[in-house]
1. Name every residue in the stretch 87-99 that is modelled with pLDDT of 95 or more and assigned to a helix (DSSP H, G or I), in order of residue number.
2. Regarding the stretch 121-137, can at least one residue be identified that is touching a Lys or Arg at 6+ places or on another chain (Cβ under 8 Å) and among the basic types (Lys, Arg)?
3. Being of a type in the set (Lys, Arg), in contact with a helix residue (DSSP H, G or I) (Cβ under 8 Å, 6 or more places away or on another chain) and open to solvent by 10 Å² or more (accessible area, probe 1.4 Å) is the requirement here; does Arg116 meet it?
4. Is it the case that Asp61 is acidic (Asp, Glu), free of Cβ contacts under 8 Å to residues at least 12 places away in the same chain and in a loop (DSSP other than H, G, I, E, B)?
5. It is to be established whether one or more residues within the stretch 139-146 are over 23 Å from Glu62 (Cβ atoms), buried (at least 18 other Cβ atoms within 10 Å of the Cβ) and in contact with a Cys (Cβ under 8 Å, 6 or more places away or on another chain).
6. Any idea which of (1) closer than 19 Å to Gly108 by Cβ; (2) among the aromatic types (Phe, Trp, Tyr); (3) open to solvent by 60 Å² or more (accessible area, probe 1.4 Å); (4) more than 10 Å from the chain's Cα centre (by Cα) is the one Tyr85 doesn't satisfy?
7. Considering only the stretch 29-36, I want to know if a residue exists there that is among the polar types (S, T, N, Q) and assigned to a loop (DSSP other than H, G, I, E, B).
Amino acid sequence: MDVYQRLTAVIESAWQQLTAADAPQRDHCLEVISDVLETGRLTPDDAERAVERLVQVALSDEGHTLRESALHAIFTASTRYQLPYRVVEPLADGVDRFEPVLLGYVLGILCDTSDRAALPVVERFLDHPHPEVRREAADAVSELSAAGRGPG
C-alpha cells in the first residue's frame, strides 16, 4: 500500500468512526481528517470531497467543539489546496450561524479561495462588534480585492 492509499484509508476510517455517539471520539476523528489534509498529499478531488463533508459538520448543530474542529480542518485544507469557492460557498451562505470566535475560520477559508465572489460576504464583517472579526474581515477584503480571480 503506497502513501496515498494509506492516507485515503485513514481518512475513510475516520469518516466511518465519525458516526460514533461519543463527542470526544468524533472530535478526534475530525482531528485525524485535518492531519491527513495537512499533508497536502490527497488529490484535489479527494480534498474537495473531504471539505464538502466537513462543511456539513461545520454547519450542523453538533455543538461548538465539533463545529470548530470541522472549521479548523477546512482551514487547514484551504492552506494546502486551492479550494474552489463553490466547495465552501455553503459556509458563506450560513455565515450568520457562526459565533464570533468561529468567524475567523470562515473568513480565512473564504479568503483562501482567492475568489472575488466571497468579497460581499467578507465585507459585511468590516463593522462587526468584535475587533478580531473586523481585523480578519479587513485582511480578507484586502487579499480578495488584490486576487482578482473570478468565480471558481
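1. Val87, Val88, Glu89, Pro90, Leu91, Ala92, Asp93, Val95
2. Taking every residue of the stretch 121-137 in turn, none turns out to be touching a Lys or Arg at 6+ places or on another chain (Cβ under 8 Å) and among the basic types (Lys, Arg).
3. Values: of a type in the set (Lys, Arg): yes; in contact with a helix residue (DSSP H, G or I) (Cβ under 8 Å, 6 or more places away or on another chain): yes; open to solvent by 10 Å² or more (accessible area, probe 1.4 Å): yes.
Judged against the criteria, Arg116 is a match.
4. Working: acidic (Asp, Glu): yes; free of Cβ contacts under 8 Å to residues at least 12 places away in the same chain: yes; in a loop (DSSP other than H, G, I, E, B): yes.
Considered against the rule, which asks whether it is acidic (Asp, Glu), free of Cβ contacts under 8 Å to residues at least 12 places away in the same chain and in a loop (DSSP other than H, G, I, E, B), Asp61 comes out as yes.
5. In the first step, residues of the stretch 139-146 are kept if they are over 23 Å from Glu62 (Cβ atoms); the result is 139-146.
If we keep only those that are buried (at least 18 other Cβ atoms within 10 Å of the Cβ) as well, we get 140-141, 144.
Restricting the remaining residues to those that are in contact with a Cys (Cβ under 8 Å, 6 or more places away or on another chain) gives 140, 144.
Checked the stretch 139-146: at least one residue is over 23 Å from Glu62 (Cβ atoms), buried (at least 18 other Cβ atoms within 10 Å of the Cβ) and in contact with a Cys (Cβ under 8 Å, 6 or more places away or on another chain).
6. Condition (3) is where Tyr85 drops out.
7. Filtering the stretch 29-36 for residues among the polar types (S, T, N, Q) gives 34.
From the residues that got through so far, the ones that are assigned to a loop (DSSP other than H, G, I, E, B) too are none.
Looking through the stretch 29-36, none of the residues is among the polar types (S, T, N, Q) and assigned to a loop (DSSP other than H, G, I, E, B).
Quick grid of which residues meet (1) touching a Leu at 6+ places or on another chain (Cβ under 7 Å); (2) open to solvent by less than 20 Å² (accessible area, probe 1.4 Å):
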position	(1), (2)
Pro44	no, no
Ala50	yes, yes
Glu68	yes, no
Phe98	no, yes
Asp127	no, no
Glu132	no, no
Ala137	yes, yes
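The values are calculated or read from the model by the stated rules, or taken from the named source; none is laboratory data. Note that the coordinates shown come from a computational prediction; the quantities given were computed from them, not determined experimentally. Methodologically, a virtual Cβ is constructed for each residue, glycine included, from the backbone with ideal geometry; neighbour enumeration extends over all protein chains shown. Ligands, DNA and RNA are excluded from the accessible area calculation, which covers all protein heavy atoms including side chains. Shrake-Rupley method; radii C 1.70, N 1.55, O 1.52, S 1.80 Å.
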